[in-house]
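Student: I am attaching a structure below and will ask some questions about it afterwards.
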Amino acid sequence: MVSVVIVAIVAPFIAPYPEDATGATNTKERLQSPDRAHLFGTDALGRDIFSRVILGAALDLQLAGTVLSIAVFVGVTLGAWAGFMGGLVDELIMRTTDIFMTMPDLVLALVIITALGPGIRNVLLALSLVWWPGFCRLMRGQVLVIREEQYVEAALAMGASRMWIIRQHILPNCLSPIIVRASMNMGFVLLTAAGLGFIGLGAVPPQPEWGAMVSDARRYFPESWWLSFFPGAAIFLTALGLNLIGDGLRDLAEPTARR
């Protein structure tokens, strides 16, 4: 997984044909199998697949990371406020959360993107709306436990504001489960984004999004197997690595969960 992150960072500097990710075509070299000049072969427009795959790593990882950052910020903020305030505020936030969680993640994302249209920004917005409720519920549950602690009650008795208590006492004690959940969800966000790209609702061509690359390769399979194999392998290995990291962090945070 570390190697994927490193590749994503240095991809603009090591990609042999960076222009192939920005719309350049070379039909004279279309559908060439892997060789020295093109390690992963070329696609139907003569674009170097190796360059597009490694440049796509940055696109997909940035998308997944941004989605989770937004989802964590919104979910943690609303969850902390709901758990600490209680009453009408809690009821309003949790009923809103229930509405978002009544539909399967992918179906809700499809509905949002269908309404807004394809594109990275709309995918980012749709997936952020899909993933924040889980963090909201997690944070609320943590706050309901922590707010009963004596040091929180003492801070309230001394006149500390609720925002100060949330920031100084509650958030630091909730970081571990939030980080674990975020790391475990990142692989699923990546797979969902790739799935949306596969059905044409993700990145807009010529952006080198892995799911869209696999989709474009369908008509040439199995003769030109390399068109789908390499971006598909990138999706699989990256999602697997992210899930393994999430499992490792969960085991560190919850030793009793180990088997």
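The values are calculated or read from the model by the stated rules, or taken from the named source; none is laboratory data. Keep in mind that this is a model prediction, so the values were computed, not measured. Quick reminder, even Gly has a Cβ in these numbers, built from the backbone with ideal geometry, and neighbours come from all protein chains shown.
Student: Among the helices (runs of 4 or more DSSP H) confined wholly to the range 114-227, which include 2 or more residues that are at pLDDT 90 or above, under 19 Å from the mean Cα position of the chain (by Cα) and of a type outside the set (S, T, N, Q)?
Tutor: Numbers: elements: 120-146, 150-157, 162-165, 171-198, 210-216.
Answer list for the range 114-227: 120-146, 171-198, 210-216.
Student: Can I ask one more? Please determine, by comparing only the residues of the range 8-53 that are among the aliphatic types (A, V, I, L, M) and more than 19 Å from residue 212 (Cβ to Cβ), which one is surrounded by the most Cβ atoms within 10 Å (Cβ to Cβ).
Tutor: Ranking the qualifying residues of the range 8-53, first place goes to 39.
Student: Right, here's the next one. List the residue pairs whose Cβ atoms are under 7 Å apart, where the first residue sits in the range 196-224 and is in contact (Cβ under 8 Å) with a residue 12 or more places away in the chain and of a type in the set (Asp, Glu), the second is surrounded by fewer than 19 Cβ atoms within 10 Å (Cβ to Cβ) and part of a helix (DSSP H, G or I), and the two are 6 or more positions apart or on different chains.
Tutor: Partner pairs satisfying both residue conditions: none exist.
Listed here are the residues, each with its yes/no results for (1) closer than 30 Å to residue 228 by Cα; (2) part of a helix (DSSP H, G or I); (3) in contact with a strand residue (DSSP E or B) (Cβ under 6 Å, 6 or more places away or on another chain).
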residue: 44; (1), (2), (3): yes, no, no
residue: 54; (1), (2), (3): yes, yes, no
residue: 68; (1), (2), (3): yes, yes, no
residue: 75; (1), (2), (3): no, yes, no
residue: 78; (1), (2), (3): no, yes, no
residue: 88; (1), (2), (3): no, yes, no
residue: 95; (1), (2), (3): no, yes, no
residue: 99; (1), (2), (3): no, yes, no
residue: 108; (1), (2), (3): yes, yes, no
